[in-house]
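The values are calculated or read from the model by the stated rules, or taken from the named source; none is laboratory data. These numbers were taken from a predicted model, which means no experiment stands behind them. Positions of Cβ are generated from backbone atoms using ideal geometry, with glycine treated the same way; all protein chains shown enter the neighbour counts.
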Amino acid sequence: MNPEASNLWRAPRWALAVMLAGLAMLGPFSIDTYLPAFSGIAAALQATPVQMQQTLSSYLFGFALMNLFHGALSDSFGRRPVVLWGMAVFTLASVGCALSGSIGQLVFWRTVQGMSAGAGMVVSRAIIRDMFAPSEAQRVMSQVTIFFGVAPAIAPMIGGFLFVHADWHSIFWFLVAVGVILFVANWRLLPETLHKDMVQPFQVGPLLRDYWRLCSNRRFLLLALASGIPFNGMFLYVLAAPVFVGEHLGLAPTQFFWFFCFAIGGIMGGAWLSGRLAGKIRPKQQIRRGFTIMFVFASLNVLLNLLLPPSPFWALPVIGAFSFGWALMVPVVTLMVLDEVPERRGMASSLQACIGSAANGLVAGLVVPLVMHSTLTLALGSMSMMAIGLTAWLAVKREMA
């Protein structure tokens with residue numbers, strides 16, 4: 001924690017949480033906004049469904065690749081410069097997406113978008129730990145997750161409206177405006193939270209050795225898996241939303257918001273409760289509750305898909321409840337990850353985000369195309385993601401006992 005933290009931000013804590021949430025939400029917001037226009041973009045660019053899926057996976061792999069460097073760069077050059085450069089490049093990449101005339105161009109600019117959007121999410125986590133002690137950091141992390149949830153909930157509504165009343169290009173011009181707003185807000189308001197005594201020299205050799213040391217830390221890797229992989233139990237439904245919501249559940253593009261309201265509403269509710277429980281129950285107990293909820297509703301999801309025809313009336317609440325369980329435990333696990341290497345929290349945040357984003361990219365490029373044609377296989381895929389995270393947590397829990 002920065003010893004001068006109390007002098008860096010004098011406005012209310014929630015105001016800092018809102019600004020950091022704006023940075024953290026940019027990645028998922030860039031996905032959710034254009035999903036309702038999937039079919040329209042494919043028709044306009046004469047792209048196949050598989051090619052359109054690559055606009056998601058290329059974004060996520062770009063996101064994962066650069067996440068290795070955002071945090072490390074912020075440990076050396078400061079949190080503020082990395083955030084501002086990230087927002088500037090994201091804005092330019094959004095212009096490139098809006099002007100794309102072929103699927104190849106769109107895939108390229110989506111990759112650049114992903115490479116820049118991660119700066120906000122990675123660095124915002126490090127800023128929270130720079131500014132707050134553990135229990136307070138959990139509350140702020142939970143607040144960020146709550147505010148973060150609002151944007152993805154409204155993103156598909158905005159995207160659907162723009163697609164129906166304008167065209168798919170307008171969605172990316174809208175993201176240009178979002179990038180400009182975030183750049184200006186952070187340029188004017190964001191303080192530098194990295195204390196001068198915590199600055200790390202940027203040297204490639206030592207940096208790679210630090211990454212290798214962290215990758216060899218079994219507890220760090222297990223915690224990163226426990227926090228990031230279960231998210232895909234919900235996220236694969238987001239990635240498959242054009243098929244899941246549009247075909248299996250029979251909802252129109254302008255009705256996609258119902259799916260996101262349940263999914264993001266669950267995240268917001270779980271994050272709110274996580275903040276309320278900070279300092280009141282043991283972290284391990286809170287994590288156990290989150291995994292219990294995910295296990296129960298992932299199992300229920302499989303059972304209902306075996307017994308009943310697809311329906312938004314039961315499918316959406318079940319996904320929302322699963323998201324609630326994930327959000328209840330993830331702020332606690334995330335702080336555990338960052339505290340594994342307190343002297344290099346930026347690098348730890350980078351590697352954690354890279355692991356999660358790489359998993360997201362694999363799910364987008366490999367898993368979703370395999371499972372999206374059936375609601376039962378989607379449910380089984382969701383259950384598998386939860387099981388991987390639960391197994392990782394049970395393994396690391398024994399080591400922490």
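State whether one or more residues within segment 112-121 are of a type in the set (V, I, T), in contact with a helix residue (DSSP H, G or I) (Cβ under 7 Å, 6 or more places away or on another chain) and within 19 Å of V180 (Cβ to Cβ). So far as segment 112-121 goes, yes, one or more of its residues are of a type in the set (V, I, T), in contact with a helix residue (DSSP H, G or I) (Cβ under 7 Å, 6 or more places away or on another chain) and within 19 Å of V180 (Cβ to Cβ). Selection of segment 242-258 for residues being in a helix (DSSP H, G or I) and within 16 Å of N301 (Cβ to Cβ) yields F244, V245, H248. When the test is whether a residue is in contact with a Lys or Arg (Cβ under 8 Å, 6 or more places away or on another chain) and either more than 23 Å from R125 (Cα to Cα) or modelled with pLDDT under 95 (or both), S349 passes it.
Checking the conditions here, which among G78, G22, G96, G40 is out of contact with any helix residue (DSSP H, G or I) (no Cβ under 8 Å at 6 or more places or on another chain) and either over 21 Å from A155 (Cα atoms) or not polar (S, T, N, Q) (or both)? None of the others qualify; the one that does is G78.
For segment 160-181, which positions are over 13 Å from T91 (Cα atoms), surrounded by fewer than 21 Cβ atoms within 10 Å (Cβ to Cβ) and hydrophobic (A, V, I, L, M, F, W, C)? Those that are over 13 Å from T91 (Cα atoms), surrounded by fewer than 21 Cβ atoms within 10 Å (Cβ to Cβ) and hydrophobic (A, V, I, L, M, F, W, C): F161, V164, A166. Just one residue in the set L328, L316, L300, L306 is at pLDDT 85 or above, assigned to a helix (DSSP H, G or I) and under 30 Å from A348 (Cβ atoms); that residue is L328. Inside segment 278-292, residues that are assigned to a helix (DSSP H, G or I) and either touching a His at 6+ places or on another chain (Cβ under 9 Å) or buried (at least 20 other Cβ atoms within 10 Å of the Cβ) (or both) make up a count of 5.
In the set V337, V367, V371, only one residue is of a type in the set (A, V, I, L, M), crowded, with 24+ Cβ neighbours inside 10 Å and touching a helix residue (DSSP H, G or I) at 6+ places or on another chain (Cβ under 7 Å); that residue is V337. Kindly state which helices (runs of 4 or more DSSP H) lie completely within segment 1-45 and contain at least 3 residues that are surrounded by fewer than 24 Cβ atoms within 10 Å (Cβ to Cβ). Where helices (runs of 4 or more DSSP H) fall fully within segment 1-45 and carry at least 3 residues being surrounded by fewer than 24 Cβ atoms within 10 Å (Cβ to Cβ), they are 5-8, 13-24, 38-45. Among the residues making up segment 229-257, those that are more than 20 Å from T55 (Cβ to Cβ) and modelled with pLDDT under 85 are A252, T254, Q255, F257. Against the list (1) farther than 25 Å from A126 by Cβ; (2) at pLDDT below 80, the condition V176 fails is (2). Within the option set T377, T334, being part of a helix (DSSP H, G or I), among the polar types (S, T, N, Q) and without any contact (Cβ under 8 Å) to a residue 24 or more places away in the chain holds for one residue only, T377. Taken together, A64, A21, A43, A47 contain a single residue that is aliphatic (A, V, I, L, M) and free of Cβ contacts under 8 Å to residues at least 12 places away in the same chain, which is A43.
With respect to the conditions (1) assigned to a helix (DSSP H, G or I); (2) over 29 Å from F69 (Cβ atoms), L366 lacks only one, and its number is (2). Within the set S357, S323, S311, the sole residue that is hydroxyl-bearing (S, T, Y) and surrounded by fewer than 22 Cβ atoms within 10 Å (Cβ to Cβ) turns out to be S311.
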